[in-house]
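The values are calculated or read from the model by the stated rules, or taken from the named source; none is laboratory data. None of these values were measured; they are calculated from a predicted model. Methodologically, a virtual Cβ is constructed for each residue, glycine included, from the backbone with ideal geometry; neighbour enumeration extends over all protein chains shown. Ligands, DNA and RNA are excluded from the accessible area calculation, which covers all protein heavy atoms including side chains. Shrake-Rupley method; radii C 1.70, N 1.55, O 1.52, S 1.80 Å.
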Amino acid sequence: MTTTRRGLALAGLALAAPARAAAIAGGRPVRLIVPYPAGGAVDLVGRLYAERMEAELGQQVVIDNRSGAAGIVGAEAVARALPDGTTLGVIGMTTLCAYKSLYTRLPFDPDRDFAPVSQASAGTVVCAVNLEAAKRNGWADFRGLVAWAKANPEALRYGTAGPGTTAHLTMAAVQKATGIEALHVAYRGGAPAVADLQAGVIDLMFELMPGLMPLIEQQAVLPLAVGSASRALALPAVPGMAEFADLGLGGLDIGAWEAVMAPAGTPPEVILRLHAAVRAAGADPALKDRLRTAGFVAETSASPDALADKIRLEIPVWRGLVAQSGARLD
């Protein structure tokens with residue numbers, strides 16, 4: 001081999017080496033666990049990121065829907081997985097920041113059993129009601145709904161993706177602030193609850209916006225409020241909680257975000273590689289547009305440490321919301 005060819009070959013090896021080093025666990029498929037059924041808001045976030053992370057990592061990223069117990073089943077599967085980078089989870093802020101205050105027992109420790117990778121999305125919840133129920137009961141707006149619920153204790157049926165979820169904590173806080181009493185119907189995920197909302201099995205949901213936006217756009221359900229203090233960009237005509245200060249809700253401001261988490265003990269260099277893949281995926285214009293139309297925004301963390309800091313800062317916020325709601329689960 002000539003000197004020139006040998007130099008070119010060595011240069012090629014030098015360029016190829018980082019690509020080989022960047023492969024996770026020898027290039028085996030990466031499993032991205034979504035702790036809720038297919039078709040819901042969290043599932044949408046997971047699938048959008050998985051597709052683009054796959055291209056960035058150069059290896060397969062497979063969605064694994066592990067629903068049950070308000071996300072606890074899927075989160076436990078992530079916490080107990082081999083920490084080699086081949087198992088990740090799309091874990092919500094309530095699991096990471098609220099569950100230790102909400103549950104007396106958990107099969108994992110949110111503080112110790114996960115390694116932060118990056119935030120993936122941000123948004124809020126929207127309160128929507130069944131059209132026939134709204135027409136029958138005169139729910140033209142959120143105040144009308146609250147007045148009716150006060151006059152008809154436990155007649156209002158609201159659905160959630162399970163106890164302790166953002167939707168459940170939001171509705172619990174609303175009930176405590178306004179004095180209404182409603183019947184909680186818990187599902188294994190947001191998608192089946194949304195289907196029952198449209199069918200009239202339940203009357204109301206405070207659900208993550210991507211889970212309800214398709215029905216809202218089709219005018220198949222009626223949005224009455226969003227959980228954030230201010231109005232959401234995707235629903236500018238729908239009031240936020242700050243507009244209901246007279247109902248005792250002026251201090252309620254529900255943010256909803258999902259993060260990619262790995263099992264604790266995953267090597268730092270693998271975490272950094274995964275973080276880079278999530279960041280690249282979140283910067284994709286098509287992903288941003290799809291989340292925006294669904295009512296979320298793509299929001300990634302500057303570093304894994306930045307996500308860890310965010311979780312630490314929000315734990316007291318969600319602890320306060322749990323206390324405000326009065327909810328406590330076994």
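Rundown of residues vs (1) modelled with pLDDT of 95 or more; (2) not β-branched (Val, Ile, Thr), yes/no style:
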position: VAL194; (1), (2): yes, no
position: LEU197; (1), (2): yes, yes
position: ASP203; (1), (2): yes, yes
position: GLN218; (1), (2): yes, yes
position: GLY251; (1), (2): no, yes
position: GLU258; (1), (2): yes, yes
position: ALA262; (1), (2): yes, yes
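Looking only at segment 138-172, which residues are touching a residue at least 40 places away in the same chain (Cβ under 8 Å) and over 22 Å from GLY189 (Cα atoms)?
Result: TRP139, ASP141, PHE142, ARG143, LEU145, VAL146.
Quick check on segment 305-321. Is at least one of its residues touching a residue at least 60 places away in the same chain (Cβ under 8 Å) and of a type in the set (Lys, Arg)?
Within segment 305-321 (the criterion being touching a residue at least 60 places away in the same chain (Cβ under 8 Å) and of a type in the set (Lys, Arg)), the answer is yes, since at least one residue qualifies.
Restricting attention to strands (runs of 3 or more DSSP E) lying wholly within segment 82-187, give those where 3 or more residues are of a type outside the set (Ser, Thr, Tyr) and farther than 28 Å from PRO214 by Cα.
In segment 82-187, the matching strands (runs of 3 or more DSSP E) lie at 114-123.
Taking VAL270 as meeting all but one of (1) of a type outside the set (S, T, N, Q); (2) open to solvent by less than 40 Å² (accessible area, probe 1.4 Å); (3) closer than 30 Å to TYR103 by Cα, write down the number of the exception.
(3)
Need pairs with beta-carbon distance below 9 Å; first residue more than 26 Å from VAL34 (Cβ to Cβ) and outside any strand (DSSP E or B) and within segment 250-262, second open to solvent by 10 Å² or more (accessible area, probe 1.4 Å) and among the acidic types (Asp, Glu); sequence gap 6+ or separate chains.
GLY250/GLU243
VAL260 fails exactly one of the following numbered conditions: (1) more than 21 Å from ASP109 (Cβ to Cβ); (2) within 16 Å of the chain's Cα centre (by Cα). What is the number of that condition?
Unmet for VAL260, out of (1) more than 21 Å from ASP109 (Cβ to Cβ); (2) within 16 Å of the chain's Cα centre (by Cα): (1).
May I ask you to list the residues in segment 182-205 that are within 20 Å of the chain's Cα centre (by Cα) and more than 17 Å from ALA155 (Cα to Cα)?
TYR187, ARG188, GLY189, GLY190, ALA191, PRO192, ALA193, VAL194, ALA195 - these are the residues of segment 182-205 that are within 20 Å of the chain's Cα centre (by Cα) and more than 17 Å from ALA155 (Cα to Cα).
If you take the residues of segment 65-86 that are open to solvent by 10 Å² or more (accessible area, probe 1.4 Å) and in contact with a helix residue (DSSP H, G or I) (Cβ under 6 Å, 6 or more places away or on another chain), which of them is farthest from LEU169 (Cα to Cα)?
ASP84
Search segment 39-64 for residues being assigned to a helix (DSSP H, G or I) and acidic (Asp, Glu), and hand back the single one that is most open to solvent (accessible area, probe 1.4 Å).
Filtering segment 39-64 for residues that are assigned to a helix (DSSP H, G or I) and acidic (Asp, Glu), the one most open to solvent (accessible area, probe 1.4 Å) comes out as GLU51.
Residue-wise test of (1) touching a Leu at 6+ places or on another chain (Cβ under 8 Å); (2) among the aromatic types (Phe, Trp, Tyr); (3) farther than 30 Å from ARG28 by Cα.
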position: ILE72; (1), (2), (3): yes, no, no
position: ALA77; (1), (2), (3): no, no, no
position: PRO83; (1), (2), (3): no, no, no
position: ASP111; (1), (2), (3): no, no, no
position: CYS127; (1), (2), (3): yes, no, yes
position: ALA140; (1), (2), (3): no, no, yes
position: ARG143; (1), (2), (3): yes, no, yes
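Go through segment 295-330 and give me each residue that's open to solvent by 50 Å² or more (accessible area, probe 1.4 Å), part of a helix (DSSP H, G or I) and more than 14 Å from MET93 (Cα to Cα).
Answer for segment 295-330, where residues must be open to solvent by 50 Å² or more (accessible area, probe 1.4 Å), part of a helix (DSSP H, G or I) and more than 14 Å from MET93 (Cα to Cα): ASP305, ALA323, GLN324.
How many of the residues in segment 104-132 are out of contact with any Lys or Arg (no Cβ under 9 Å at 6 or more places or on another chain), of a type outside the set (A, V, I, L, M, F, W, C) and open to solvent by 20 Å² or more (accessible area, probe 1.4 Å)?
Going through segment 104-132 one residue at a time, the tally reaches 4.
Here's a check for you: in segment 258-267, which residue that is among the hydrophobic types (A, V, I, L, M, F, W, C) and surrounded by 22 or more Cβ atoms within 10 Å (Cβ to Cβ) is farthest from LEU82 (Cα to Cα)?
Top of the filtered list is ALA259.
For segment 188-201, state whether one or more residues are in a loop (DSSP other than H, G, I, E, B), farther than 25 Å from GLY144 by Cβ, open to solvent by less than 40 Å² (accessible area, probe 1.4 Å) and out of contact with any strand residue (DSSP E or B) (no Cβ under 8 Å at 6 or more places or on another chain).
Yes, there is a match, as at least one residue in segment 188-201 is in a loop (DSSP other than H, G, I, E, B), farther than 25 Å from GLY144 by Cβ, open to solvent by less than 40 Å² (accessible area, probe 1.4 Å) and out of contact with any strand residue (DSSP E or B) (no Cβ under 8 Å at 6 or more places or on another chain).
Under the condition of being charged (D, E, K, R) and within 16 Å of VAL201 (Cα to Cα), which residue from segment 151-181 is farthest from the chain's Cα centre (by Cα)?
If we take residues in segment 151-181 being charged (D, E, K, R) and within 16 Å of VAL201 (Cα to Cα), then GLU154 is farthest from the chain's Cα centre (by Cα).
Taking into account only those residues within segment 213-242 that are farther than 18 Å from TRP139 by Cα and in a helix (DSSP H, G or I), which is most open to solvent (accessible area, probe 1.4 Å)?
Looking at the filtered set, the residue picked out is GLU217.
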